[in-house]
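Okay, structure first, notes after.
The values are calculated or read from the model by the stated rules, or taken from the named source; none is laboratory data. Computed from a predicted structure; not experimentally measured. Cβ: placed from backbone, ideal geometry, glycine included. Neighbour counts: every protein chain shown. Ligands, DNA and RNA are stripped out before the accessible areas are found, and what is left, the full protein with its side chains, is counted by its heavy atoms. Shrake-Rupley method; radii C 1.70, N 1.55, O 1.52, S 1.80 Å.
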Amino acid sequence: MFIVPNNLFLQNIEPIIESILLGFIFVSCYENPAHKRLITSFTLICTLVTLAAYKSEEVSSISLSAFRLLAIALSLSYFNKILTDMRVKRITKHTMFWFVAGLLIYSSGTFFIVLFSEYWYKDINKVPAEIFDKYWNASQILYILFCFISALGLWVSKYDQENLA
C-alpha cells in the first residue's frame with residue numbers, strides 16, 4: 001500500500017460513466033425528439049468536460065462538479081416535464097419522481113463538497129483529518145439517502161402502468 005501509486009483516478013472515471021448512464025436514463029423518459037437531442041447534447045458536453053478535466057494523480061473537482069451540474073439540470077427539467085405534461089395521476093407512485101428527487105438531493109447536497117475536493121485531497125497538513133471526515137461522511141450519507149429514495153422508486157414501479165394518464 002505504501003509503494004503503489006494512489007487510486008484517485010478511479011474517482012475521476014466515475015463521473016464519466018455516471019454522466020453517460022444518466023443521459024441514457026433521461027433520454028428514455030422523453031418522447032419529444034428535440035428534448036432528446038438537448039439531453040444528448042448536454043450529456044455529451046458534460047462527458048467531454050469530464051474527459052478533458054481528467055487527472056490521473058489527483059481528484060478533479062471540475063469533472064465531479066460537471067456531473068453534479070448535469071444531474072441538477074436534468075432533475076429540474078424532469079420535474080418541469082412532470083408539471084407541464086400533467087400525465088402522472090399520483091406523483092408519489094411515479095418511479096422517476098423518486099429517482100429524480102433522490103438524485104437532486106444527492107447532487108445539490110454534494111455540489112459544494114466536490115467543488116472544493118481538490119483542496120481537501122491535496123495535503124493532509126492543510127485540512128485536518130476530522131474536517132475531511134465530516135465532509136466525506138456527509139457525502140456518503142447523501143449517497144445512501146439517494147440509494148434509499150431510488151429503491152423506494154423501484155418499489156412503487158409496480159404502479160407505473162396504471163398511474164400514467
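The set of residues from region 112-142 being open to solvent by 100 Å² or more (accessible area, probe 1.4 Å) and of a type outside the set (A, V, I, L, M, F, W, C) comprises Y119, K122, N125, K126, E130, K134. Selection of region 1-46 for residues being over 13 Å from the mean Cα position of the chain (by Cα), of a type in the set (D, E, K, R) and part of a helix (DSSP H, G or I) yields K36, R37. Of the residues making up region 21-64, those that are closer than 20 Å to S75 by Cβ, of a type outside the set (S, T, N, Q) and touching a Phe, Trp or Tyr at 6+ places or on another chain (Cβ under 7 Å) are F26, C29, K36, I39, C46. When we screen L164, L145, L154 for residues that are open to solvent by 60 Å² or more (accessible area, probe 1.4 Å), more than 23 Å from E14 (Cβ to Cβ) and in contact (Cβ under 8 Å) with a residue 12 or more places away in the chain, the only hit is L164.
Within 19 Å of S108 (Cβ to Cβ), in a helix (DSSP H, G or I), hydrophobic (A, V, I, L, M, F, W, C) and touching a residue at least 40 places away in the same chain (Cβ under 8 Å): which single residue out of L70, L83 fits that description? Unique residue meeting the criteria: L70. Taking the conditions (1) surrounded by fewer than 16 Cβ atoms within 10 Å (Cβ to Cβ); (2) closer than 24 Å to S56 by Cα; (3) of a type outside the set (F, W, Y) in turn, S28 satisfies each one other than (2). Out of V49, V59, one residue alone is outside any helix (DSSP H, G or I), farther than 30 Å from T92 by Cα and either in contact (Cβ under 8 Å) with a residue 12 or more places away in the chain or open to solvent by less than 20 Å² (accessible area, probe 1.4 Å) (or both). It is V59. Scanning region 86-97 for residues that are free of Cβ contacts under 8 Å to residues at least 60 places away in the same chain, in contact with a strand residue (DSSP E or B) (Cβ under 9 Å, 6 or more places away or on another chain) and surrounded by fewer than 15 Cβ atoms within 10 Å (Cβ to Cβ) yields a count of 0. Does I131 qualify as being in a helix (DSSP H, G or I) and in contact with a Ser or Thr (Cβ under 9 Å, 6 or more places away or on another chain)? Answer is no for this residue. Here Y106 does not fit the description of being in contact with an Asp or Glu (Cβ under 9 Å, 6 or more places away or on another chain), among the aromatic types (F, W, Y) and either part of a helix (DSSP H, G or I) or closer than 20 Å to I149 by Cβ (or both).
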